[in-house]
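Comments concern the structure below.
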Amino acid sequence: MPEKETLERAEQDKREGKSPSTQAGEFVREEIHHIREGKHGAASAKQAVAIGLSKARRAGVDLAPPKKGSVSEKTRKSAARDSSRGHSRKKKAVSAARSRSSEAALKREPHSAASHKALSRQAKSAARTRKKAPQERRERSRSARPPNNSRHESGQAHVWNHFSLEP
């Protein structure tokens, strides 16, 4: 169950019109803090982020499940289930035995998953997997740049004479 403070921060983000991923970021932040303060661990920074996103979906954040092909079908179904659970009126209690066992499993995991180095590595690898800008947008940004003025109109590179001010 997310902390009251986290729910309030996510609600504040929603009122301010921020995106669902920003709202979900509050839950990820909470999860990182839990790992750092020793409440439990995580196998990797990626798992810590996944736990936070799952909590966000279950709390009712309108975070869509990942697109088909980007993750495994099992992960997609789990995300869709979390999302529908967060949007249903009826809140079903989680089995106490299941909660204890999952908590115990996380306690056995290392706490290094929330280190600055691990989070930096995860952020960089996530950025690498994102698609590059579409071709036309890249061309538009290229055309917006000033021309390369290292060449003269004749096509010859500038050769400066050190003894005169003329090129």
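Annotations
- Test for SER83: is it under 20 Å from PHE27 (Cβ atoms), among the polar types (S, T, N, Q), surrounded by 11 or more Cβ atoms within 10 Å (Cβ to Cβ) and touching a Lys or Arg at 6+ places or on another chain (Cβ under 7 Å): yes
- Pairs, first in contact (Cβ under 8 Å) with a residue 24 or more places away in the chain in the range 92-121, second charged (D, E, K, R), C-beta under 6 Å, six or more apart: ALA114/ARG36
Every residue, every condition in (1) assigned to a helix (DSSP H, G or I); (2) over 30 Å from ARG15 (Cα atoms), yes or no:
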| residue | (1), (2) |
| --- | --- |
| GLY60 | no, no |
| ALA80 | yes, no |
| LYS90 | no, no |
| SER101 | yes, yes |
| ALA105 | yes, yes |
| GLN122 | yes, no |
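For (1) touching a strand residue (DSSP E or B) at 6+ places or on another chain (Cβ under 8 Å); (2) buried (at least 17 other Cβ atoms within 10 Å of the Cβ); (3) in a helix (DSSP H, G or I); (4) free of Cβ contacts under 8 Å to residues at least 60 places away in the same chain, each residue gets a yes or a no:
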site	(1), (2), (3), (4)
GLN12	no, no, yes, yes
GLN23	no, yes, yes, yes
ILE32	no, yes, yes, no
GLY52	no, yes, yes, yes
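Just so you know, all these numbers are worked out from the coordinates, no wet-lab data involved. The structure displayed is predicted, hence computed values, not measured ones. Note that each Cβ is placed from the backbone with ideal geometry, even for glycine, and that neighbours are counted across all protein chains shown.
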